[in-house]
Structures are given as C-alpha cells and as structure tokens.
Amino acid sequence: MVSIGNFFFKYRNWIFILFYGALFIPSWPLFSKERFGNSYYIWPIVIGLFVTIFGQVIRGLTIGLAYIVRGGKGGKPYAEGLVTDGIFNHCRNPLYVGNILMLLGVGILANSLVYVAIVIPVFIFIYQAIVLAEENFLRGKFGAGFDAYCKKVNRWFPDFSGIGNTLSGMKFNWKRWILREHTTQFIWLIGITLILFINYPQLTRYNDAVEIARNPDLSKFHNLERSLLLGIILGVLLVVYLLIRFLKKTGKFKE
C-alpha cells in the first residue's frame, strides 16, 4: 500500500480534478421520482449541499488556522515539521477528509448512485494509500513524536471535543484561506453550478410539459433564459477567480 500511495501522491492534485469530472458519468439515481414523488430533487440538493459545504468548511478551517507549509517535495511526501495545531489537533488528515466530503456531497447533489457507490470508494482507497505513504515518511522522520501524535489523534474520523478552545485560541487567517484555496473553490463552485443547472431545471423555472407541448416557443425561451443565467454565474465566478490570481501574482494581496 505504501508503494501504491507513493505513486498516487505524485498526482494527488490531479486526482481530485479527475474524480470531479466523473460526476457527469451517466448513472441510476439515488433519489427517484417514483420513490420520492415530484419533489424528489429536493433531497439530493439539500443533503448534497450540506455534505459538500461541510467538507469545504473543514478544509477552510484547516488552512486558515494551521496550514502545512509543505506537504510534498519532488513528487514525494515531505514535511518541514510535524503540524499538530488547529484542526490537525482533531484529525490527522483534515484536508483529505474535507476532499472526501466535498466529492461525496457533489455526488449526492448529482443524484448519482454510480458515483456514491463506486467512484467514492475508489477515491477513498487511493487516499488511504496516500496517507499510509505519508505516515511511513513521517514516522521515519519524527519517530516517537509522530507515534505519540497518532495515539492521540484519529487518522480519519475527526474528534470535535475541544474544538471551541481550538477556534477561540487561534486567529483565522482568511487571506491564506483565499490564496491557498481559490483554485479548489473555483472548480468546486463551477461543478456545483453545472450540476444544479443541468440536473435540476425545476430550480430556474418549472418545466411544464403540457404548456411546452402547446407552445414550443416557450421551451426555446426557457432554454435561452437558463443559458443566459448560467453564463452570467459562470462569468462572475471566472472574473473573481482571475482577479484573485492577478492580485496574488502582483503581490497586492498577501497572507
């Protein structure tokens, strides 16, 4: 597993993007109209958004409170020091937990049985291998200190006891959160927006099949209206993303 983890560690950033793209693989629904009625779409939207936003909150708190200066070097696990502050005091791999929840949430949002039942377990297996490779490196570098940390803090399941003291005892660096996370947030928000528009036309205007059959022009107008709204939202997200990139590169926005 360690050798497998070392292999996937090189491409861990691309793995998230590739698995995000898998959201659009055709699938049987988690929530069907036959089982949940005409309002079936409410369930995947509410549950999916809650789970994926919770994952982003975990990532945000991890980055804003105590961030790993370097998690890799030369395509291999690397660390300048053993980070145990902030959310790392409650979970050894909060960024990976956040990623898993973000993908699980958008999988539920996409109402995809294939994604939740097949893609997510594969994603978790890859992350488990990566974590074992990282732990192998950390144990070799920090020895007893890392073993003591492992005994105190869970690998995957966060222990939120004392989280109030953690949050009140540290200052949240919102600038670091934006600078480190803006690309992930941009991809994440693009995916959510596309899923909502593609899978749930009910959210923009109810698609009345009877009225459309009587007046085909209504369908054309509706599609144009939705396309314009989608274009505006995606355009705003792109502008904000490019603005942050510009401010970061010019040094006008720093941690």
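The ellipsoid that matches the Cα gyration tensor of the chain has semi-axes, each √(5λ) in whole angstrom, of 39, 22, 17, with the longest given first. Short-range pairs are left out: with C-alpha atoms under 8 Å and at least six residues apart, the relative contact order of the chain is 24 percent.
Which order do the peptides 230-236, 122-128 take when ranked by the mean count of other beta-carbon atoms within 10 Å per residue, highest first?
Taking the mean over residues of other Cβ atoms within 10 Å, the ranking is 122-128, 230-236.
Counting only whole DSSP H helices of the chain, the ones at least 24 Å long by C-alpha along their axis and with mean Kyte-Doolittle hydropathy no lower than 0.0 are 42-65, 120-142, 174-199, 216-249.
Legend: residue pairs Lys171/Lys254; Lys175/Lys249; Lys151/Lys171, Cα-Cα distance threshold 22 Å; pairs beyond threshold, Lys151/Lys171.
Readers should treat all values here as calculations from the given coordinates under stated rules, not as data from a laboratory. Being a predicted model, the structure only gives us computed values, none of them experimental. Counting neighbours? That spans all protein chains shown, and the Cβs are built from the backbone with ideal geometry, glycine included.
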